[in-house]
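Asks: The structure that follows is given in the form of structure tokens.
The values are calculated or read from the model by the stated rules, or taken from the named source; none is laboratory data. Source: prediction; values computed, not measured. In this analysis, Cβ positions are derived from the backbone assuming ideal geometry, glycine residues included, and neighbour counts consider all displayed protein chains.
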Amino acid sequence: MPVSDATQASDTGEARNPTTIPLAVLPTVVVDDHFPVAAPMVSTGTLRKRNSVCMGLLASCPALRYRLATMRAIISRTMGLCLIAVGFVACGESEQTPQNTSDSGVIGDAIPDSFTDSADPETASPPVDTGAEAAQDVSSDVPIEAAMDVVQDVPSEASVGPCGRPWNHDVDAPYAIEATWMFGRKDACAWQDVLEKFHRAGGQWVWQFGPELKPRTRQDLESDPAFSDCKIGAVSCIQHAIDSVGESRIEGFLSYSFGQAYSSAIAACPNLDQQVTIGSTTWHRIVLPTTSSQGSCPSSGKVWVMFAVSDGMDSEQLLLDGADALGMKVILGMPGIAHSKTKPWDVEPTLLAAGKEWSRRVFLDYQARAALHPSFAGTYQTFEVPLIATGLDAAYGMYGQLAELFHGLFPTKLFALSPYWAANKLHGNSTAADVSAGVKRLAMLGIDIIAPQDGRGTSKGALYWPYEKDKPIEQVDPELAKASSVPAGATFAQTYNASTFELFLAARKGIDEANAAGAHATLWANFEAFEPTTTEPCSYVTELGRTSLKRLDRAITMGAGPVQHVISYMYDPLFTCTTTTQPKALIDEILEQAWRPLVDTAFKFSSGGKEGIIVRGYHVADRNPRFSLTWYDSAWTVQTTTVVPSWTNPTWGLDHEARPFAQEAFIPFEFKGLAPAFWIHIRAENDAGSASESFSFAY
């Protein structure tokens, strides 16, 4: 599968080479023996260079803007001009003052070493979450919507977009998914439409794919309509390359089909490279090495001759223009590492030198064009690997070389990957230890963003709580049970080594270990928005269909807690397609169910002398929040209550440069008279609705 904090969290990405400082503003955490940790820590690091201009609406200081907006809602809208003035001063100071980042904060309690599934210590099963009477609102915090109503992430409110209307900067329904992959569009108005809609749902980042170099024969190229019209005088461009380079030197021909309107920066070798423009079409001939020892401009030895073509309409530039207008961030798709002809899970060794040099040329083009856009945040390598401690050395090694090459030109930008785990025992057999070691391995290679695929759409991973491991898959997740890699009637334990919940905790461990050793990586979660099989396909891969909002909620509940950002594969067409049984597009469902709360983190906490639980998630501080708690007491009797939080923090994510819309709440709760080492099920509610999934907190 080709696979996807946020814009408000940083203008150029997370700081490199983080160090750790205590977060003194939080109370002391009380944690049980299963998760011994010190007081919450927040990572900070060398401040990356920010945009050179602090824009009129504080576009380069998103976290500050949000806090000012909240203050403005509390005081009065009439104080707006004063607050903007304060913001200008603070924004100027931010160029010298490091901001806290949250690379390794408390993410929740670990799974107990042992727990039972039965109604007594031998046979109990977790209580069913039955809900309870709604409690009265005692929240005094200004909700996230009040802040968004005042200040938006925009460089210019009055700008008119390519559709002939002003850009819509509103965030109507901030959902957990901040980022996604989108295919290219050759129409600027189409980009305005899609970016505005995703932005309304809280979208802040757009990632792009990059194609691979494709081996071609001379005859193949000459008959390809994309290249057949390329001529230099009366000679075809292919023949001219043969005449110029020398037929005996040419190892073979390559093409690169991306359609970008490259600058002259890619033609770095004047005696070898050529760009030919006829009308609105430009053909690019680039000579690439076959071995790394030949250097960038191979004067001797065998070479590859690559052709690319552009028609003057550049989808990347249109995307960057639109993202600039909305204050979003873009991760561009660099050339993908070519897959092996004989081992499709590995790299093609004969094209490694050519691929690296072509990537360098694309990076030079980024300098000439993409770097002019404030939305340009980094690059994404499409080639995927499984997360493993050893093996696939060529692929992992190439990641490191490409990241080093990219950072040499863009030290403040981000190099992103989305690897996968294969926890299915029949297909991959990955363990939590493999995931932790693989993530650490990538981070130590200089990768900035590691966004593991959750695997639920491909059936390489499964969404279940540890206490559900001995249940038949078809009872808990009937769609997953339809996958060909899931044996009929099998339990989760029989089919998977670990759950998504456990694997993201393992990934967090790997990131934290690497960062402690000097790495600078950020952990993202990539939640797959498709099902392994369907009778109503709506993807370019015919056997795949879109998933439901409920399943995305479940993935977020189980996987978002340990990560700093959330991305989903992918917007086109999985968020936009409709079918007979799903007549409403997924993005429209998200927009319609705005403000429903979701909990993705819970841990034991002491505040003001009270025992309780801190929960984090989405909209847990908005619109009269309350929480339904269900647990077993020491007599193994089910207990349920509904509790209002003692306090909330509606800007927790922004305060810690974490997931931008993540919030925090403290639920008073006494940890006495409970069944030993078991679970408390927490379902969030507010006036907008109830969470579709409970968070199961292991104590």
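Asks: Examine region 363-371 for a residue that is of a type outside the set (D, E), surrounded by fewer than 22 Cβ atoms within 10 Å (Cβ to Cβ), more than 25 Å from C269 (Cβ to Cβ) and modelled with pLDDT of 95 or more, and state whether such a residue exists.
Replies: No, region 363-371 contains no residue that is of a type outside the set (D, E), surrounded by fewer than 22 Cβ atoms within 10 Å (Cβ to Cβ), more than 25 Å from C269 (Cβ to Cβ) and modelled with pLDDT of 95 or more.
This table checks each residue for (1) assigned by TED's automatic domain parsing to the domain that holds H681; (2) closer than 26 Å to I449 by Cα; (3) among the basic types (K, R); (4) surrounded by fewer than 24 Cβ atoms within 10 Å (Cβ to Cβ).
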position	(1), (2), (3), (4)
A529	no, yes, no, no
P537	no, no, no, yes
A555	no, yes, no, no
A560	no, yes, no, no
P573	no, yes, no, yes
C577	no, no, no, yes
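Asks: Here is a list: A443, A493, A451, A498. Which entry is surrounded by fewer than 19 Cβ atoms within 10 Å (Cβ to Cβ) and aliphatic (A, V, I, L, M)?
Replies: None of the others qualify; the one that does is A493.
So that you can scan it fast, the table gives a plain yes or no per residue for (1) assigned by TED's automatic domain parsing to the domain that holds L272; (2) under 19 Å from P215 (Cα atoms):
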| position | (1), (2) |
| --- | --- |
| Q294 | yes, no |
| K302 | yes, yes |
| G322 | no, no |
| M328 | no, no |
| K341 | no, yes |
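Asks: Scanning for something touching a Phe, Trp or Tyr at 6+ places or on another chain (Cβ under 9 Å), within 17 Å of T557 (Cα to Cα) and outside the structural domain of E531 (by TED's automatic domain parsing), does region 665-673 turn up at least one residue?
Replies: yes
Asks: Determine, yes or no, whether G203 is part of a loop (DSSP other than H, G, I, E, B), buried (at least 20 other Cβ atoms within 10 Å of the Cβ) and assigned by TED's automatic domain parsing to the domain that holds V330.
Replies: Considered against the rule, which asks whether it is part of a loop (DSSP other than H, G, I, E, B), buried (at least 20 other Cβ atoms within 10 Å of the Cβ) and assigned by TED's automatic domain parsing to the domain that holds V330, G203 comes out as yes.
Asks: In the set T431, T412, which member is farther than 14 Å from A521 by Cα, among the hydroxyl-bearing types (S, T, Y) and either out of contact with any helix residue (DSSP H, G or I) (no Cβ under 8 Å at 6 or more places or on another chain) or not assigned by TED's automatic domain parsing to the domain that holds P374 (or both)?
Replies: On the way: T412 fails: farther than 14 Å from A521 by Cα.
So the residue among T431, T412 that is farther than 14 Å from A521 by Cα, among the hydroxyl-bearing types (S, T, Y) and either out of contact with any helix residue (DSSP H, G or I) (no Cβ under 8 Å at 6 or more places or on another chain) or not assigned by TED's automatic domain parsing to the domain that holds P374 (or both) is T431.
Asks: Mind checking which residues of region 663-680 are over 27 Å from the mean Cα position of the chain (by Cα) and either closer than 14 Å to S646 by Cα or surrounded by fewer than 20 Cβ atoms within 10 Å (Cβ to Cβ) (or both)?
Replies: F666, I667, P668, F669, E670, F671, K672, G673, L674, P676, A677
Asks: Could you list all residues from region 440-461 that are under 19 Å from the mean Cα position of the chain (by Cα), within 30 Å of E693 (Cβ to Cβ) and part of a loop (DSSP other than H, G, I, E, B)?
Replies: Hits for region 440-461 are A451, P452, D454, G455, R456, G457, T458, K460, G461.
Asks: Please determine whether any residue of region 501-508 is within 19 Å of H427 (Cα to Cα) and part of a loop (DSSP other than H, G, I, E, B).
Replies: no
Asks: Shifting gears a bit: Just checking, does region 211-227 include any residue being within 19 Å of P162 (Cβ to Cβ) and buried (at least 22 other Cβ atoms within 10 Å of the Cβ)?
Replies: No - not one qualifying residue is present in region 211-227.
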